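Here is the structure we will look at, set down as structure tokens.
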Amino acid sequence: MANHSQLGFQDASSPIMEELVEFHDHALMVALAICSLVLYLLTLMLMEKLSSNTVDAQEVELIWTILPAIVLILLALPSLQILYMMDEIDEPDLTLKAIGHQWYWTYEYTDFKDLSFDSYMIPTTDLPQGHFRLLEVDHRIVVPMESPIRVIVTADDVLHSWAVPTLGVKTDAIPGRLNQTSFITTRPGIFYGQCSEICGANHSYMPIVVESTPLKHFEAWSTLLSS
């Protein structure tokens, strides 16, 4: 859960988000090295007199042409690797369908015969003590921990976006179209997200809550809800 003084990402709760955080740190270090080098060269040029060697230097021009290309390759390769990892969905243990409405979500567990529910934000006046305002819902998504979960995302009326930052997922919900994403929770916990599309006046009142539990607790929950 993010807090007011937090400067970085939330703690990663899925392998994809761990890769994204590592790539973010890698890119920041590259940017820091570039900024330091440019600042050093600017300072050097301001303090030293220009000479013919610095004005017309074939070797220097060759270096500052090749060096940026190498830097871009070092950024592009891990970025493409993560991009393909995010698109890979390999034999999920559970399929969840998320349908966006103005302004709530409907969830269907397609692997079960009759397991679906609507998820509304809990109004502030009805919020239990200790819960998060504008983030808590009346029905949470419950998924088994350490299991591949496929999420099929669509919308019933306008554009929405199903996003949970700590899981590293964000998928647009488009009417008449099925988009899909996947995630694996690496630890038990409750993970919060919101609709990340400006779908109307109350788009910020469409929270998403994913509760990750051990498999036996998920089976007990699904049996209770299906009966």
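The values are calculated or read from the model by the stated rules, or taken from the named source; none is laboratory data. All of these numbers come straight from a predicted model, not from anything done at the bench. Positions of Cβ are generated from backbone atoms using ideal geometry, with glycine treated the same way; all protein chains shown enter the neighbour counts. These area figures cover heavy atoms from the full protein model, side chains too; ligands, DNA and RNA do not enter into them. Shrake-Rupley method; radii C 1.70, N 1.55, O 1.52, S 1.80 Å.
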Q.
I'd like to know if segment 77-98 contains one or more residues that are assigned by the TED database to the domain that holds VAL153 and in contact with a Gly (Cβ under 6 Å, 6 or more places away or on another chain).
A. no
Q.
Residues that are farther than 27 Å from SER226 by Cβ and open to solvent by 50 Å² or more (accessible area, probe 1.4 Å): does segment 134-154 have at least one?
A. no
Q. Which residues, counting only those in segment 107-128, are free of Cβ contacts under 8 Å to residues at least 40 places away in the same chain and in contact with a strand residue (DSSP E or B) (Cβ under 9 Å, 6 or more places away or on another chain)?
A. TYR107, GLU108, ASP111, SER116, ASP118, TYR120, ILE122
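Any idea which residue in segment 104-123 is surrounded by the most Cβ atoms within 10 Å (Cβ to Cβ), counting only those that are touching a His at 6+ places or on another chain (Cβ under 9 Å) and not in a loop (DSSP other than H, G, I, E, B)?
Keep residues of segment 104-123 that are touching a His at 6+ places or on another chain (Cβ under 9 Å), which gives 105, 107, 117-120, 122.
This time we only want the ones that are not in a loop (DSSP other than H, G, I, E, B), so: 105, 107, 117-119.
Numbers: TRP105: 26, TYR107: 19, PHE117: 15, ASP118: 13, SER119: 18.
The extreme case among them is TRP105.
Listed here are the residues, each with its yes/no results for (1) farther than 21 Å from LYS97 by Cβ; (2) touching a Gly at 6+ places or on another chain (Cβ under 8 Å).
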| site | (1), (2) |
| --- | --- |
| PRO128 | yes, no |
| ARG150 | no, no |
| TRP162 | no, yes |
| THR171 | no, no |
| SER182 | no, no |
| ILE198 | yes, no |
| PRO214 | yes, no |
| PHE218 | no, no |
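I need the full set of residues from segment 205-227 which are β-branched (Val, Ile, Thr), surrounded by 12 or more Cβ atoms within 10 Å (Cβ to Cβ) and more than 19 Å from TYR120 (Cα to Cα), in order please. Break it down stepwise before answering.
Our first condition is that a residue be β-branched (Val, Ile, Thr); within segment 205-227, this holds for 208-210, 213, 223.
Among the residues that remain, those that are also surrounded by 12 or more Cβ atoms within 10 Å (Cβ to Cβ) are: 208-210, 213.
THR213 - this is the single residue of segment 205-227 that is β-branched (Val, Ile, Thr), surrounded by 12 or more Cβ atoms within 10 Å (Cβ to Cβ) and more than 19 Å from TYR120 (Cα to Cα).
Regarding MET29, is this residue among the aliphatic types (A, V, I, L, M) and closer than 23 Å to LEU83 by Cβ?
Numbers: among the aliphatic types (A, V, I, L, M): yes; closer than 23 Å to LEU83 by Cβ: yes.
The answer is yes for MET29.
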Q. Quick one: would you say VAL169 is within 16 Å of the chain's Cα centre (by Cα) and at pLDDT 95 or above?
A. no
